[in-house]
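Accompanying notes for the structure given below.
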């Protein structure tokens, strides 16, 4: 009965989406941020007045951040090759997702985001296009690009561009998952450097999570990462080939599983303190009897959508003390939306040249701290999107770390960063409320 109710609730958003999307014909639009008191103002905002800021920017390109909206504008870019759980469905079919991302950026972070889907598939061509867009944007959010090229694209653009480039499927998922892990370990009373972690899935998400967890203090030798062929380890017969076809997975094979545990998912879970699953929708990908073989006070992150790899109640019945999923209708939702709006807010406010792993870890620690201050429990290890103060706090933490690392163009105090972020996010939320109140955003159809 419980599973029937869960399934019904899981598919309700899909039903409403088919009704609401054609009604609104898109989720974001452009609006003005300057007054138009009369047609005389056009001479200020456009020709002839606009020539003066153009000349200033020509002399000093950094002035573009003072005279345009570049400093608060990012591009949400995808080639449509890995859209949600749908796979390679093409750029047009991916556009609703990119618009949705832009909506979250604005409402949760006060960031203006432009959805851009590309009709190019080769990694080097995508890199070329994105680099050409740099003068218009303060940052780039890569989204739903298949692996392994997503790793190559991100690494190349981070090196070659002078604005933040971020891949949410990697860095965003890693940030939020690491925050949840930090607090889950506090609840069960285990130390981060002692725990054995089984990771189900060796795609962009879990590889990035492993990297950030290691930076947070996890012993890489105690990670057991499982791909479609089983547990990774250095001597596995296909690992040498990975060095050329997927060097990012190769790195994990070399660094992890010091005890050379072999087998598949059940063997990876045996005696593990934590399982982090970022694989395929369940249920049944992880079985109750496998969770029963985990260590006492086990932590289960089953994050596939729309159905987790194991139902939360099944994991609890099998002895798991803490269970997290990617869904909002269960406790402990591991949701990227807790990360990217605040992280980009902070990076943009200090005009950062990049988003470093240390900036991501600063955001994860601040996320964890917000939840801890509210009171941790087995059913509350990470904030929810309703805890909206988390976004300005993340922004301030990220901005401070950027300044510390020397990647910020401008400097502020922590209090100044908090106030700036708070006001920009508050304004974005209040603007939506006002447009709804005045009827410019209509109520959804019945």
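Readers should treat all values here as calculations from the given coordinates under stated rules, not as data from a laboratory. Owing to the predicted nature of the structure, the values given are computational and were not obtained by experimental measurement. Glycine gets a Cβ as well: all are built from the backbone with ideal geometry, and neighbour counts include every protein chain shown.
Would you compute, from DSSP H runs of 4+ residues alone, the mean residue ellipticity of the chain at 222 nm, taking -39500 (n - 2.57) per run and dividing by the full residue count, rounded to the nearest 500?
Values: 18 runs with 209 residues, N = 446.
Roughly -14500 deg cm²/dmol at 222 nm, from the helical runs in the chain.
Taking other Cβ atoms within 10 Å as a rough exposure proxy, 433, 369 sort from fewest to most as 433, 369. Maximal additional length on extending the residue 39-residue 292 stretch stands at 83.9 nm, based on 0.36 nm per residue less the C-alpha distance. Against the chain, whose longest principal axis comes from its Cα atoms, helix 204-216 is set at around 80 degrees.
Apply the a/c threshold of 1.5 to the C-alpha gyration tensor of the stretch 291-446 and tell me whether it is rounded, prolate or oblate. Provide the component values of the computation, followed by the final result.
Values: a/c = 2.58, a/b = 1.36, b/c = 1.90.
Judged from the Cα gyration tensor, the stretch 291-446 comes out oblate (a/c at least 1.5, b/c at or above a/b).
For the stretch 20-167, the equivalent ellipsoid derived from the Cα gyration tensor has semi-axes of 31, 21, 12 Å, listed largest first.
Counting beta carbons within 10 Å around each of 129, 350, 398, 165 and listing the fewest first gives the order 129, 350, 165, 398. Please find the FRET efficiency linking residue 357 to residue 258, where r is the Cβ-Cβ separation and R0 is fixed at 30 Å, and quote it to the nearest 0.05. Calculated transfer efficiency: 0.85. Which of (i) 24.5; (ii) 28.9; (iii) 22.9 is the computed mean projected area of the Cα convex hull in nm² for the structure on display? Checking each listed value against the structure points to (iii).
Sequence-distant contacts, meaning Cα pairs under 8 Å at least 6 residues apart, place the relative contact order of the stretch 20-167 at 23 percent. Each DSSP beta bridge with both residues in the chain is either parallel or antiparallel, and the antiparallel ones are about 10%.
Exposure proxy shown here: for 58, 67, the number of other Cβ atoms within 10 Å sets the order, fewest to most, as 58, 67.
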